[in-house]
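Written out below as structure tokens is the structure these notes cover.
The values are calculated or read from the model by the stated rules, or taken from the named source; none is laboratory data. Note that the structure is a prediction, hence the values are computed from the model and not measured. Cβ placement follows ideal geometry from the backbone for every residue including glycine, while neighbour counts extend to all protein chains displayed. Note: accessible area is taken over every heavy atom of the protein model, side chains too, but ligands, DNA and RNA are not part of it. Shrake-Rupley method; radii C 1.70, N 1.55, O 1.52, S 1.80 Å.
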Amino acid sequence: MGYQRRCTSLKKTMSAETHLDVLAVFSHPDDAELTIAGTLLKLKSLGYRTGVLDMTRGEMGTRGTPEIRAKESLEAARVLGLDARLNLEQPDGHISVTEDARRAMVRVLRARAPRVLFTSHWDDPHPDHAATSRIVREAARLATMRRYDEDAGISAIKMPAIAHAVYSRLTVPSFIVDVSEFAEGKMNAIRAYASQFYSAHSTEPATRISEQGFLREIEGRMRYYGSLIGVEAGEGFYVREALNVEDPFALLTRRMNIYS
Ligand SMILES: [Zn+2]
């Protein structure tokens, strides 16, 4: 099955045009899994409607093909229990803040009306990741303006909140999500991308992420962020805006690590 048809059928099997509570927007199929799969699993278990929007089909990848990665992303979506897995079909390696990209993003945001967006950080060293973050920020704002892209006939939405996944040690997390119960599920979602990661039988060229140690590194990172709040596994997020706390006592009496 071709990629277009596969995506169309994916949209059908995952209820086309349903509203979502949470949408994770990352550049390449597998980025969302590597970064925030634990948080997506946790939100699903709490009853929220979750979705992932991949900006590209990952066609620049050294290993696998866009068709294989589309199939793998479907399998990962099943593991994560996603309500929607979408693809914006931007050019891999060439994502940039263009009017076309912003408009396409605004249309998805308006159709799905998520209240919370997860994406990469604008200071990410991968140009695609940095551009994705900027497109998300700009589109989230534009989606609230009634006159922007009015001809498409999709109503403006209230601006969703945006939380950026933390990778660099230079970015201090605004909060860390305890994903201890979902660490195993996260690794299973990542392993759905069999073409990308370590396999003893693979004859494909080796890359940094296909080395045996890479998945251990991902797991180590998740354990490290967990250690910062005194739990087994965590995922860190940065929010540019000030967080509005209802009950400071409840917040401050949760488990912490005084050595964090
Ligand atoms: Zn990526």
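Only one of the numbered conditions (1) of a type in the set (Asp, Glu); (2) in a loop (DSSP other than H, G, I, E, B); (3) more than 20 Å from the chain's Cα centre (by Cα) is violated by Glu241, and that is (3). Taken over the range 74-122, the residue count meeting the criterion of being outside any loop (DSSP other than H, G, I, E, B) and not polar (S, T, N, Q) is 27. Only a single criterion out of (1) part of a loop (DSSP other than H, G, I, E, B); (2) without any contact (Cβ under 8 Å) to a residue 60 or more places away in the chain; (3) open to solvent by less than 50 Å² (accessible area, probe 1.4 Å) is not satisfied by Pro125, namely (3).
Thr119 falls short on exactly one of the conditions (1) under 14 Å from the mean Cα position of the chain (by Cα); (2) more than 14 Å from the ligand (Cβ to nearest atom); (3) polar (S, T, N, Q), and that condition is (2). Taking the range 72-94 as the range and being open to solvent by 70 Å² or more (accessible area, probe 1.4 Å), within 16 Å of the ligand (Cβ to nearest atom) and under 17 Å from the mean Cα position of the chain (by Cα) as the test, only Glu89 passes. Exactly one residue out of Val52, Val79 is over 21 Å from Ser180 (Cα atoms) and in contact with a helix residue (DSSP H, G or I) (Cβ under 6 Å, 6 or more places away or on another chain), and it is Val52. Residues being within 23 Å of Val97 (Cα to Cα), open to solvent by less than 70 Å² (accessible area, probe 1.4 Å), in contact (Cβ under 8 Å) with a residue 12 or more places away in the chain and in a helix (DSSP H, G or I) are represented in the range 148-165 by at least one member. Number of residues in the range 24-71 that are crowded, with 21+ Cβ neighbours inside 10 Å, within 16 Å of the chain's Cα centre (by Cα) and either modelled with pLDDT under 95 or not in a helix (DSSP H, G or I) (or both): the value is 18. Once the range 125-148 is narrowed to residues that are farther than 16 Å from Leu23 by Cβ and charged (D, E, K, R), the residue that is nearest to the ligand (Cβ to nearest atom) is Asp128.
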